[in-house]
Amino acid sequence: MTDPTAQQPHDDPTPTHPSSRLARLDAWVAENPWHPRFIPFLFYIMMLVVVSQLRDWLPFTYPLTYTIQCSLVVYLLWRYRKLLPELTLSFHWLSVPVGVGVAVAWVWMGLWMVETFPDRFADQGTESFFLEMGTTVGWTAFVLRLIGMSVAVPLFEELFIRSLILRSFHRFRPTMIGLVQVIQDLPLIGEWLMHTSIGDKADRHPPVFGPQFKNTPLGALSVFGVAVSTLIFTIHHLPRDWPGCVMCGLAYCLLLSATRHKGLGPVCWAHGITNALLWVYTLYTGDWQFL
């Protein structure tokens, strides 16, 4: 039964109290293993739009907005660290050759794509907004970009891709049932799907993605899980980088499997090394297309 006092917020100050709102957010994040692993990734992508728009309008704002973007993501990871036991900083020597190898292959494949499809990709990266900011602001932004792409990005991206997605989509059949369950919550198509035999079967099936995540150990690989996680990793990169993304996804999955006893740490280190080397490549060649 609904509490009648809930409709009288002036009688109960709790709903408007900042600490209470934060407590409710914390409780919601802890409800489902997807929440603390997806929210930092989603927040970064959403902030990317804001940061890019402000950068194009007022280039000098980029160092501040980019710092805020990365800092808030790291704060979310820190705040919910107890819900993320796999997110470690453990190092493994395999991180170095994998990170270096992926960086070299990424550049080589990217250049090959530019040479193979010059009409589509040859003009990408020829100029950079860093050059439009002036010396001081431009170099500040350039260094901050190194820190963000080699520290913050590997943490939230590996947590989302190589932990959440790789484990939640481990098996084909349960994943398909889980997708039907998600689609049923959408307007129009969901209502139609509910009245089909497929929808009825999904309705009678327990929730999929949370249990499949919990029942799949970190680093356990399946062809389907690796394919889906690599696909999701690929689609939020430029088409020029897709061959590199596929190679990168396979290499990082294999590294995770080999070093699973250390958590996500070795993969995060490899990812950070790759991104740092792409930054160094940009610095020494003046070729901005991989930054």
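The values are calculated or read from the model by the stated rules, or taken from the named source; none is laboratory data. None of the values given here were measured: they were computed from a predicted structure. Cβ coordinates were reconstructed from backbone atoms using ideal geometry, including for glycine residues, and neighbour counts include every protein chain displayed.
At-a-glance table
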item	result
Helices (runs of 4 or more DSSP H) enclosed by the range 52-151 - at least 2 residues per element that are in contact with a His (Cβ under 8 Å, 6 or more places away or on another chain), of a type in the set (Val, Ile, Thr) and surrounded by fewer than 19 Cβ atoms within 10 Å (Cβ to Cβ)	none
Residue pairs meeting the criteria (Cβ under 6 Å; at least 6 apart or on separate chains; first closer than 21 Å to residue 166 by Cβ and among the small types (Gly, Ala, Ser), in the range 86-98; second modelled with pLDDT of 95 or more and surrounded by 14 or more Cβ atoms within 10 Å (Cβ to Cβ))	90/262; 90/263; 90/265; 95/266; 95/269; 95/270
Scan of the range 251-281 for residues that are in contact (Cβ under 8 Å) with a residue 24 or more places away in the chain and of a type in the set (Val, Ile, Thr), ordered by number	259, 267, 273, 274
Conditions (1) within 17 Å of residue 34 (Cα to Cα); (2) surrounded by 14 or more Cβ atoms within 10 Å (Cβ to Cβ): number failed by residue 256	(1)
Scan of the range 48-65 for residues that are touching a helix residue (DSSP H, G or I) at 6+ places or on another chain (Cβ under 6 Å) and closer than 14 Å to residue 137 by Cα, ordered by number	55, 59, 60, 61, 62, 63, 65
Qualifying residue in the range 173-181 (condition: modelled with pLDDT of 85 or more, more than 30 Å from residue 263 (Cβ to Cβ) and assigned to a helix (DSSP H, G or I))	yes
Condition met for residue 58 (without any contact (Cβ under 8 Å) to a residue 40 or more places away in the chain and either over 17 Å from the mean Cα position of the chain (by Cα) or under 25 Å from residue 217 (Cα atoms) (or both))	yes
Wholly enclosed helices (runs of 4 or more DSSP H) of the range 184-291 bearing at least 3 residues within 15 Å of residue 99 (Cα to Cα) and in contact with a helix residue (DSSP H, G or I) (Cβ under 8 Å, 6 or more places away or on another chain)	242-258, 265-285
Hits in the range 266-277 - residues which are buried (at least 21 other Cβ atoms within 10 Å of the Cβ) and touching a Leu at 6+ places or on another chain (Cβ under 7 Å)	266, 267, 268, 270
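Residue-wise test of (1) of a type outside the set (Asp, Glu); (2) within 20 Å of residue 275 (Cα to Cα); (3) at pLDDT below 95.
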residue: 5; (1), (2), (3): yes, no, yes
residue: 38; (1), (2), (3): yes, no, no
residue: 52; (1), (2), (3): yes, yes, yes
residue: 57; (1), (2), (3): yes, no, yes
residue: 74; (1), (2), (3): yes, yes, no
residue: 81; (1), (2), (3): yes, no, no
residue: 93; (1), (2), (3): yes, yes, no
residue: 99; (1), (2), (3): yes, yes, no
residue: 108; (1), (2), (3): yes, yes, no
